[in-house]
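Okay, so here's the structure we're looking at.
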Amino acid sequence: MTLIVNGQATTLTQEQLAERLKAMPAAQLAKVEVMLSAPARYHVRGMAINIVTKDYAGTNQLSGQIIGGMEQNKYAKGFGNMYLSMQRGKFGLDAQYKLVNGNSYGESSRIANHPLANNRVHYTDETGQKSFGITHDYRLGMNYAFSKNHRLDVAYTGQWDKTSSNSHTTGSSNSGMHSDSHEYLQNVDANYTLPFGLTLSGSYTYYRTPQQQTLDGTIHTDENTTDMERNLRSGSEQTINKWMFTADQTHSLANGWGLSYGVKGQFTSNKSYQTTIDKDGSVLPDGTSSVDINERIWNMYAGFSKQINKAVSVEASVAAEQYHSPVWNKWRVYPTLNALWNVNDNHLLNLSFSSDSEFPSYWSTMSNVFYASTYTEIHGNPDLKPSSYYNVNLMWRIKRRYTLMAFASLKPDYFVQLPYQTTDRMAVIMKETNFDHSNSYGLQASAIFNAGKWLNGNVFAVGTFKHDKSNHFFDLPFNRKKLSVILGGTASVKLCSTQDLRLILNPFFQSKAIQGVYDISPIFNMDAKLQWSSHDGKWGVRLNGSNIFNNRFDTRSVQDNQDYRMKVNYNWASFTLAVIYKFGGYKEKTVKEVDTSRMGH
């Protein structure tokens, strides 16, 4: 699900989305558009929610919000956030600064029977990782409303991040790793809307992340034998320059017809390198590589909408996209369809079809090997290509309370990182690779509930049949199928009749599932929140619990000669206390975040 605010896409996480929506006053909301298939003019595809806010141009106001708090898992970190909004007639300004400073912790373990030559070698390890980081996020946005539907928005976003990490592994291997990394981000966005339906947007992002790492460790197959020793030093850096522009035109025609068309161009320069040396100072060839490549994406689309009558509406579009890189140069076509039938006040039917592409991270397409531990190697894949997906959904909403949905999701060339135990040495290779396809079919049911003024929430159940197939994963082709069930929901309990004090619970359960060669054990997770707000809305206190039962993700690969199990818990149980103060009739403005999904190690 993608959040769109006033027709512009954002890269909010689910947690950020929930928090910002809860903080937004109802008076600021003009309308909400829920789309199972977003039209191409939004430059996002698939399910989306467009939140349209009221325009406060012409008013005079100054407001803001201050947040301070601490998060505690095994270690602690503090954070602070300041937001200021000003409107003076046609001119508006908003500024934000966020600081996070402290430690985080995660654990992982591996249990393997490694197929070394014609033998099996038992292997176990436990790894704990403590990271210290400090992050500065800052943003300054300005807008000017010349007249109705004639507006200019300009925003600058920056980030400075420093992280030092230490991990220690014990068991069949003993090792220590230390890394120091920085992230630098500069982004400028501009959006110009004209009264006759034309919108012009431009964006520039500069991103750089240098990193230094040391690894010292050994692997033992028995108490008296050292099979392998690694003493490595590596340095790496990724530098990304990305430009993007869009031009979109809409027309409102007679008899309920609408027409839209536009173009998007995105150009990326990726200069990255990694150098690895051993204890003697000799360069390790498989751990050393560099790239200096340019990527180009062109996207052109056209679409129409038709309000057939008061009950039935249809919107469809088709986009043609060319992705060009030194390895791939291909056109793809992505159609979308959204058909809505308001049968009556109690029933609504929605049929949607959407399609999109997903691109690999820049770092994963390099040819080098990154040594994550003495046993684990992360291999790049220069042949990794983008994947496509095609989604169809049929939704039936009943009495605005119950929803039933049938869905199918087809993902040719789907890619994900999977493990492979090589037989020539004691090493598990983690590598992103393209499947033939990863397809899912399922049914979903959900309902909202309430009991007076003290309890409300929702529940949902999803049944999914998944089919993963690959004929070219090393020498281990797979063709796997699995039926899984997901259960979850939200319960909000008002604890006091005289105070705005609420307890919110978010349970989640998934039965056994698959991902490529992985078997994923059942997962249970529980998040909770206790929140209080003053009568005037100026003060608030939040106590959040994340993964409060400290559950791990448990995966295992036992295909053919493989026997590799990994338990991971980097979402260590944590509790966060935050105090919030709002002044001047604060109304939070939801803003577009910079998309860095393909950047970083």
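The values are calculated or read from the model by the stated rules, or taken from the named source; none is laboratory data. Predicted, not measured: the structure shown is a model, and the values here were computed from it. Every residue, glycine as well, gets a Cβ built from its backbone with ideal geometry; the counts of neighbours run over all protein chains shown. Note: areas computed on protein heavy atoms with side chains; ligands, DNA, RNA excluded. Shrake-Rupley method; radii C 1.70, N 1.55, O 1.52, S 1.80 Å.
It is to be established whether one or more residues within the range 155-164 are over 30 Å from ALA372 (Cβ atoms), modelled with pLDDT under 95 and open to solvent by 40 Å² or more (accessible area, probe 1.4 Å). Yes: one or more hits.
Take the residues in the range 571-591 that are of a type in the set (Val, Ile, Thr) and in a strand (DSSP E or B), then tell me which one is modelled with the lowest pLDDT.
Of the residues in the range 571-591, the ones of a type in the set (Val, Ile, Thr) are 576, 579-580, 590-591.
Next, only the ones that are in a strand (DSSP E or B) stay: 576, 579-580.
Values: THR576: 96, VAL579: 96, ILE580: 92.
Per the criteria, the residue is ILE580.
From the list VAL314, VAL263, VAL327, the one residue that fits, being of a type in the set (A, V, I, L, M) and either touching a His at 6+ places or on another chain (Cβ under 7 Å) or open to solvent by 50 Å² or more (accessible area, probe 1.4 Å) (or both), is VAL327. Taking the listed residues GLY303, GLY287, GLY281, the one that is at pLDDT 90 or above, surrounded by fewer than 16 Cβ atoms within 10 Å (Cβ to Cβ) and more than 21 Å from LYS385 (Cβ to Cβ) is GLY281, with no other qualifying. Answer yes if at least one residue in the range 482-495 is open to solvent by 40 Å² or more (accessible area, probe 1.4 Å), touching a His at 6+ places or on another chain (Cβ under 9 Å), assigned to a strand (DSSP E or B) and more than 19 Å from ASN450 (Cα to Cα), and no otherwise. For the range 482-495, residues open to solvent by 40 Å² or more (accessible area, probe 1.4 Å), touching a His at 6+ places or on another chain (Cβ under 9 Å), assigned to a strand (DSSP E or B) and more than 19 Å from ASN450 (Cα to Cα): present. For the range 282-301: of the residues being charged (D, E, K, R) and part of a strand (DSSP E or B), which is farthest from PHE245 (Cα to Cα)? Restricting to residues being charged (D, E, K, R) and part of a strand (DSSP E or B), the top hit is ASP292.
Criterion applied to THR239, THR209 was being in contact (Cβ under 8 Å) with a residue 24 or more places away in the chain, open to solvent by less than 40 Å² (accessible area, probe 1.4 Å) and in contact with a Lys or Arg (Cβ under 7 Å, 6 or more places away or on another chain), and the one residue passing it is THR239.
Assess whether PHE460 counts as being under 27 Å from ASP563 (Cβ atoms), aromatic (Phe, Trp, Tyr) and either free of Cβ contacts under 8 Å to residues at least 40 places away in the same chain or in a loop (DSSP other than H, G, I, E, B) (or both). So PHE460 fails the test.
Within the range 528-550, being of a type outside the set (S, T, N, Q) and either closer than 30 Å to TYR414 by Cα or buried (at least 17 other Cβ atoms within 10 Å of the Cβ) (or both) holds for LYS529, GLY540, ARG542, GLY545.
Only a single criterion out of (1) open to solvent by 40 Å² or more (accessible area, probe 1.4 Å); (2) modelled with pLDDT of 95 or more is not satisfied by THR498, namely (2). Filtering THR127, THR135 for residues that are among the hydroxyl-bearing types (Ser, Thr, Tyr) and under 24 Å from the mean Cα position of the chain (by Cα) leaves a single hit, THR135.
Picking from residues in the range 330-383 that are outside any strand (DSSP E or B) and among the acidic types (Asp, Glu), the one that is surrounded by the fewest Cβ atoms within 10 Å (Cβ to Cβ) is ASP345.
From the list LEU503, LEU476, which one is surrounded by fewer than 16 Cβ atoms within 10 Å (Cβ to Cβ) and touching a strand residue (DSSP E or B) at 6+ places or on another chain (Cβ under 9 Å)? Step through it out loud before you land on a result.
Numbers: LEU476 fails: surrounded by fewer than 16 Cβ atoms within 10 Å (Cβ to Cβ).
Being surrounded by fewer than 16 Cβ atoms within 10 Å (Cβ to Cβ) and touching a strand residue (DSSP E or B) at 6+ places or on another chain (Cβ under 9 Å) holds for just one of LEU503, LEU476, which is LEU503.
If you filter the range 85-101 down to residues that are of a type outside the set (S, T, N, Q) and crowded, with 18+ Cβ neighbours inside 10 Å, you find that the one that is nearest to ASN551 (Cα to Cα) is ASP94.
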